[in-house]
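The values are calculated or read from the model by the stated rules, or taken from the named source; none is laboratory data. All figures in this text were calculated on a predicted structure; none of them were measured in a lab. For neighbour counting, all protein chains shown are included, and Cβ atoms are generated from backbone atoms with ideal geometry for every residue, glycine included. The protein model used for the area step is the full one, side chains on, heavy atoms only, and it has no ligands, DNA or RNA in it. Shrake-Rupley method; radii C 1.70, N 1.55, O 1.52, S 1.80 Å.
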Amino acid sequence: MKKAKTKVARIENRYIKDTATMNKTRSRRRIALFRRLAFMAVIFAVVGGLLTITYTQQVLSLKDKKEKQVDVDKKMVATKDEEEALNNQIKKLHDDDYIAKLARSEYYLSKDGEIIFNIPEENSKQKE
């Protein structure tokens, strides 16, 4: 349907012009406000995305570092145990009786008239 043309003339007075101008101004301000809000939303989305990415990377990096720290702590404990065992071995090697016993057991050295019998220990069977 087509609009019927009316023969009513618009009144052109100051109030109508001011109202039309005010409506145009409001329309422009709304459009400008929408554009500013859209721009700010894009900025916030970009900044939020960057912060999220950075946070995620840091969390993953921290997780990897904690795993490495656990591994290093295990190695450190093993190394300390080994160091303690080696220090005990050093102390024992300063003892002449221990050296004599070690030489007899490993290298089958004996005193004059002594016979050496090598019997396997039960602990060695359990370890195997």
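Counting only lysines at least 8 places from Lys5 when in the same chain, those with an alpha carbon closer than 29 Å to its own are Lys17, Lys24. Just the protein heavy atoms count here, and of the accessible area of the chain at 1.4 Å, carbon and sulfur take up 59 percent.
Give a quick list of trypsin sites (Lys or Arg not before Pro) in region 1-84 that DSSP marks as loop, anything other than H, G, I, E or B, with at most 10 other Cβ atoms within 10 Å. For trypsin sites (Lys or Arg not before Pro) across region 1-84 that sit outside H, G, I, E and B with at most 10 neighbouring Cβ atoms in 10 Å, the list reads Lys2, Lys3, Lys5, Lys7, Arg10.
Calculated translational diffusion coefficient of region 1-41 (4 °C, 1.567 mPa s; Stokes-Einstein with Kirkwood radius over alpha-carbon pairs) equals 99 µm²/s. The spread of Cα positions in region 42-97, taken along each principal axis and listed from longest to shortest, comes to 83, 10, 6 Å.
Taken over region 3-128, the percentage of Cα pairs per 5 Å bin, counting from 0 up to the bin with the maximum distance, is 2, 7, 5, 6, 7, 7, 5, 4, 5, 4, 4, 4, 4, 3, 3, 3, 3, 3, 3, 3, 2, 2, 2, 2, 2, 2, 1, 1, 0, 0.
Nearest 0.05, what FRET efficiency do Arg104 and Glu83 give at R0 = 30 Å with Cβ-Cβ as r? Provide the component values of the computation, followed by the final result.
Details: r = 28 Å, r/R0 = 0.93.
So the FRET efficiency works out to roughly 0.60.
Probe of 1.4 angstrom, ligands and nucleic acids ignored: what's the accessible area per residue over the chain, in square angstrom? Value returned for the chain: 104 Å² of accessible area per residue. Among the trypsin sites (Lys or Arg not before Pro) in region 82-116, those placed in a DSSP loop whose Cβ has at most 15 other Cβ atoms within 10 Å are Lys111.
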